[in-house]
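The values are calculated or read from the model by the stated rules, or taken from the named source; none is laboratory data. Keep in mind it's a predicted model, so treat the numbers as computed, not measured. Note that we place each Cβ from the backbone using ideal geometry, even for glycine, and neighbour counts take in every protein chain shown. We work out accessible area using only protein heavy atoms, side chains counted, and drop any ligands, DNA or RNA first. Shrake-Rupley method; radii C 1.70, N 1.55, O 1.52, S 1.80 Å.
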Amino acid sequence: MSMYIAPCAGLAELMIYRMARFGLQMKKMAPSRHELLETLMHADQQAVLLVFGFVQLLPEIEVILDHAREANYQVILITDRLVYPRSQDADIVLYAGRGEVWEFHSMVGPTYIIENLILGN
């Protein structure tokens, strides 16, 4: 499993560390540009990408979703928006409330989801 992380490096590190305890190796993807494309070149049908889509749809997430359709890998999207652009292109969408746009964005909700993904392993 790979992850596109950008602003969620702490959540990604937590998941990578904990999943390694179960013998599952995960990789962080490069956050943008050609490094991201190089990582995506290695994604195949057995890959699962975990994407954090908070606040807005980033161009990098659009690239991941477009490439997923071509390479036929699965995408799990964790978002803080009830209606997220292109969420229909993800295989699984998980909602994590983080507060209103103008408020402090708590990471308690996303951390709870990550912890439950780990426990469900």
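Answer yes or no: is there a residue in the range 7-17 that is at pLDDT 90 or above, farther than 22 Å from H105 by Cβ and surrounded by fewer than 16 Cβ atoms within 10 Å (Cβ to Cβ).
yes
Confirm whether F52 is farther than 18 Å from G120 by Cα and assigned to a strand (DSSP E or B).
Values: farther than 18 Å from G120 by Cα: yes; assigned to a strand (DSSP E or B): yes.
In short, yes.
Within the range 29-74, how many residues turn out to be in contact with a strand residue (DSSP E or B) (Cβ under 6 Å, 6 or more places away or on another chain), at pLDDT below 85 and β-branched (V, I, T)?
The number of residues fulfilling the criteria is 0.
Looking at V55, V48, can you tell me which residue is touching a Lys or Arg at 6+ places or on another chain (Cβ under 8 Å) and touching a residue at least 40 places away in the same chain (Cβ under 8 Å)? Steps first, please.
Details: V48 fails: touching a Lys or Arg at 6+ places or on another chain (Cβ under 8 Å).
The match here is V55.
So the check is Cβ under 9 Å with 6+ separation or different chains; which pairs have a first residue in the range 96-121 that's open to solvent by 60 Å² or more (accessible area, probe 1.4 Å) and a second one that's among the aliphatic types (A, V, I, L, M)?
V101/V55; M107/L11; M107/A96; V108/A96; Y112/A96; N121/M19; N121/L24
Being in a strand (DSSP E or B) and either crowded, with 18+ Cβ neighbours inside 10 Å or at pLDDT below 95 (or both) is the filter here, so list the residues in the range 77-92 that pass it. So that I can check it myself, show each step before the final result.
The initial filter retains those residues of the range 77-92 that are in a strand (DSSP E or B), namely 77-79, 92.
Those that are in a strand (DSSP E or B) and either crowded, with 18+ Cβ neighbours inside 10 Å or at pLDDT below 95 (or both): L77, I78, T79.
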